[in-house]
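Taking it in order: structure first as structure tokens, then the write-up.
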Amino acid sequence: MNTDAVVSYTVENKIAWVRFNRPDKRNSMSPALNRRMMQVLNELEFDDNVGVLVLTGEGSAFSAGMDLKEYIREPASRGLGGVREAQRESYGWWRRLRWYQKPTIAMVNGWCFGGAYGPLFGCDLAFAADDAQFGLSEINWGILPGGGAAKVAVELLSFRRAMFHAMLGEAIDGKMAAEWGLVNEAVPAAELHARVTEIANELLKKNATALKATKDAIRRVGLMSYDDAEDYLLRAQEAAFYYNDEAKTEGIKQFVDDKTYKPGLGAYEKGAAS
Ligand code: COA
């Protein structure tokens, strides 16, 4: 167990469980938390003992968004420079998460508000407790959903839902969040850890280079024309092979020659050729 105040993590069976760790402040994101989270992401990104990263929260919250005192009010008292510095630190680790080397899963155990939509979207997959609460609460304290939150709503929700969510500032529960597409699934809180572990273990069976290329492709192609996407994907596929010798041959061989698995039903056996 490595605990460094505002962020804690454990690595078990190639899964890194990274936790927002300010439960008394509902895991709201302070500058100190944002700085520490970037360090933790750096520490884990190329650690061979880590194959999947799960982001979750200690206590009753995933994260209650930005710390209104330490992230919003105090930096503002230092002027524009203070504001921009705080923004760079939070946006910085969310961006790092969006393009992280390892697959990432948000495990939303409780409150998830405003700024927390940055890391929520930063994670490739998201699973919630049925009774978790999601809200763009900004309108309730008098600002627009900044820090990328409005963008996340538009990326993940229909126009009408995004507009309703942002304008009304009403929280929805995990079940509704799954129905709306904010998360992949919602399950009873008692089953959340087991379900996320199950998904992480499935990811661990896949070729790691192919997973990174795949997650990047899904994020990139949305903004491209079909022709641009086709071209990007062709080049991304060839670039992925550069660091991925095994996938050039082994996946096809085990299906076509050895007949030991079916790609439609599961992953090939990694490392079988070595
Ligand atoms: N920024 C700063 N402090 C926060 C915070 C935030 N976003 N969210 C919670 N806290 C603090 C509270 O001020 C309180 O501190 P205190 O013990 O020093 O008084 C502590 O965390 C516990 O919060 P509390 O409101 O008593 O917990 P709760 O479980 O009853 O309610 C929430 C949880 C999440 C509904 C409520 O804390 C809340 O509305 N938070 C703000 C959500 C928000 O709009 N975030 C900003 C989005 S960008």
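Every number in this text was worked out from the coordinates using simple rules, so none of it is lab data. Please read these numbers as outputs of a predicted model, since none were measured by experiment. Glycine gets a Cβ as well: all are built from the backbone with ideal geometry, and neighbour counts include every protein chain shown.
Of all residues in segment 25-55, those satisfying the criterion of being touching a residue at least 24 places away in the same chain (Cβ under 8 Å) and either part of a strand (DSSP E or B) or farther than 19 Å from Glu89 by Cβ (or both) are Arg26, Met29, Phe46, Asp47, Asn49, Val50, Gly51, Val52, Leu53, Val54, Leu55.
Residues checked against (1) touching a strand residue (DSSP E or B) at 6+ places or on another chain (Cβ under 6 Å); (2) in a helix (DSSP H, G or I); (3) without any contact (Cβ under 8 Å) to a residue 40 or more places away in the chain; (4) on the phi > 0 side of the Ramachandran plot:
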| site | (1), (2), (3), (4) |
| --- | --- |
| Asn140 | no, yes, yes, no |
| Ala150 | no, yes, yes, no |
| Ala153 | no, yes, yes, no |
| Ala162 | no, yes, yes, no |
| Met167 | no, yes, yes, no |
| Glu170 | no, no, yes, no |
| Glu191 | no, yes, yes, no |
| Arg195 | yes, yes, no, no |
| Glu198 | no, yes, yes, no |
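If you filter segment 198-222 down to residues that are within 18 Å of Gly266 (Cβ to Cβ) and either under 15 Å from the mean Cα position of the chain (by Cα) or aromatic (Phe, Trp, Tyr) (or both), you find that the one that is surrounded by the most Cβ atoms within 10 Å (Cβ to Cβ) is Ala200. Taken over segment 92-118, residues that are surrounded by fewer than 24 Cβ atoms within 10 Å (Cβ to Cβ), without any contact (Cβ under 8 Å) to a residue 40 or more places away in the chain and within 13 Å of the ligand (Cβ to nearest atom) amount to 0. Ala239 - would you say it is part of a loop (DSSP other than H, G, I, E, B), in contact (Cβ under 8 Å) with a residue 24 or more places away in the chain and among the hydrophobic types (A, V, I, L, M, F, W, C)? Criteria not met by Ala239.
Looking at segment 1-11, is at least one residue exposed (fewer than 14 other Cβ atoms within 10 Å of the Cβ), in contact with a helix residue (DSSP H, G or I) (Cβ under 9 Å, 6 or more places away or on another chain) and farther than 30 Å from Lys205 by Cα?
Yes - at least one qualifying residue is present in segment 1-11.
Filter segment 119-171 for residues that are surrounded by fewer than 19 Cβ atoms within 10 Å (Cβ to Cβ) and of a type in the set (S, T, N, Q); which is nearest to Val83 (Cα to Cα)? So, considering only residues that are surrounded by fewer than 19 Cβ atoms within 10 Å (Cβ to Cβ) and of a type in the set (S, T, N, Q), the one nearest to Val83 (Cα to Cα) is Asn140. How many residues are among the small types (Gly, Ala, Ser) and in a strand (DSSP E or B) if we restrict to segment 90-133? Total satisfying the criteria: 4. Tell me, please, whether a residue that is buried (at least 23 other Cβ atoms within 10 Å of the Cβ) and in a helix (DSSP H, G or I) can be found in segment 56-67. No, every residue in segment 56-67 fails to be buried (at least 23 other Cβ atoms within 10 Å of the Cβ) and in a helix (DSSP H, G or I). Looking for something in contact (Cβ under 8 Å) with a residue 12 or more places away in the chain, in a loop (DSSP other than H, G, I, E, B) and among the small types (Gly, Ala, Ser) - is there at least one such residue anywhere in segment 251-270? Yes, there is a match, as at least one residue in segment 251-270 is in contact (Cβ under 8 Å) with a residue 12 or more places away in the chain, in a loop (DSSP other than H, G, I, E, B) and among the small types (Gly, Ala, Ser).
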